[in-house]
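Colleague: What follows is a single structure, and I will ask about it in a moment.
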Amino acid sequence: MSFIRAVSSQWSKAEWSHQLVLFWQQDAYVRSLFAGATTMITVANVVAALKPTPEPKSAQAKPPENNPLQVASSDSNQPQQGLTHIDAANALFDCFLLLFVKELQYQQLSQAEAIIVQLAEYYAINCQKTPIEDIKLMNQSVQIINAMAQLKQRRHVQRKAQRNMGAH
């Protein structure tokens with residue numbers, strides 16, 4: 001049974017990651033971040049791996065009860081619900097905290113992780129521009145903006161120190 005649950009969990013993460021990619025493709029700024037070697041799919045998979053699997057919004061997002069390995073058919077009568085800005089922001093904000101600590105401790109993020117941090121900041125700024133009713137999300141966005149300011153300052157100091165090493 002645990003194997004079936006593990007496969008079901010991985011299926012949910014893959015489906016959620018796919019929804020995240022579809023959502024990101026609608027935003028020109030987000031698409032511009034993926035001009036390099038790291039793809040949108042890679043970043044979405046990293047987000048899905050870092051974040052606990054969200055609860056599916058519809059029965060279509062989970063495998064049928066009688067056979068957990070069977071894929072739900074896409075031609076069902078229920079429309080597939082996509083992600084909202086709040087869903088994407090929540091996922092990125094949860095990942096941001098982990099990656100912020102990782103960068104402070106190890107001073108190195110992979111390209112996919114660096115993009116996640118940049119996306120979290122982008123969504124935090126957007127949450128501040130267009131206030132929403134979700135108080136928790138608004139507070140998280142303020143925290144991310146403040147943390148990014150500290151992180152940028154730290155990066156600047158580190159770059160300056162590395163440039164000055166050869167001068168002495």
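The values are calculated or read from the model by the stated rules, or taken from the named source; none is laboratory data. Predicted model only: the values in this text are computed from it and were never measured. Every residue, glycine among them, receives a Cβ derived from its backbone with ideal geometry; neighbour counts consider all protein chains shown. For the accessible areas, the whole protein counts, side chains as well, though only heavy atoms, and no ligand, DNA or RNA atoms are used. Shrake-Rupley method; radii C 1.70, N 1.55, O 1.52, S 1.80 Å.
Colleague: Being in a helix (DSSP H, G or I), small (Gly, Ala, Ser) and at pLDDT 80 or above is the filter here, so list the residues in segment 9-35 that pass it.
Modeller: SER12, ALA14, SER17, ALA28, SER32
Colleague: Would you pick out the residues in segment 6-55 that are surrounded by fewer than 14 Cβ atoms within 10 Å (Cβ to Cβ), touching a residue at least 60 places away in the same chain (Cβ under 8 Å) and over 21 Å from ASN90 (Cβ atoms)?
Modeller: If the condition is that a residue be surrounded by fewer than 14 Cβ atoms within 10 Å (Cβ to Cβ), touching a residue at least 60 places away in the same chain (Cβ under 8 Å) and over 21 Å from ASN90 (Cβ atoms), then VAL7, GLY36, ALA37 are the ones that fit.
Colleague: Let me ask you something else. Within segment 136-151, track down each residue that is under 20 Å from the mean Cα position of the chain (by Cα) and open to solvent by 100 Å² or more (accessible area, probe 1.4 Å).
Modeller: Residues satisfying the conditions are LYS136, GLN143.
Colleague: Let me ask you something else. If we scan segment 105-112, do we find a residue that is in contact with a Leu (Cβ under 8 Å, 6 or more places away or on another chain) and assigned to a helix (DSSP H, G or I)?
Modeller: Taking every residue of segment 105-112 in turn, none turns out to be in contact with a Leu (Cβ under 8 Å, 6 or more places away or on another chain) and assigned to a helix (DSSP H, G or I).
Colleague: In addition: Kindly indicate which of LEU119, LEU98 is in contact (Cβ under 8 Å) with a residue 40 or more places away in the chain, within 21 Å of VAL30 (Cβ to Cβ) and surrounded by 17 or more Cβ atoms within 10 Å (Cβ to Cβ).
Modeller: On inspection, the qualifying residue turns out to be LEU119.
Colleague: All but one of (1) closer than 20 Å to LEU33 by Cα; (2) of a type outside the set (Ser, Thr, Tyr); (3) open to solvent by 60 Å² or more (accessible area, probe 1.4 Å) hold for HIS156; which doesn't?
Modeller: (1)
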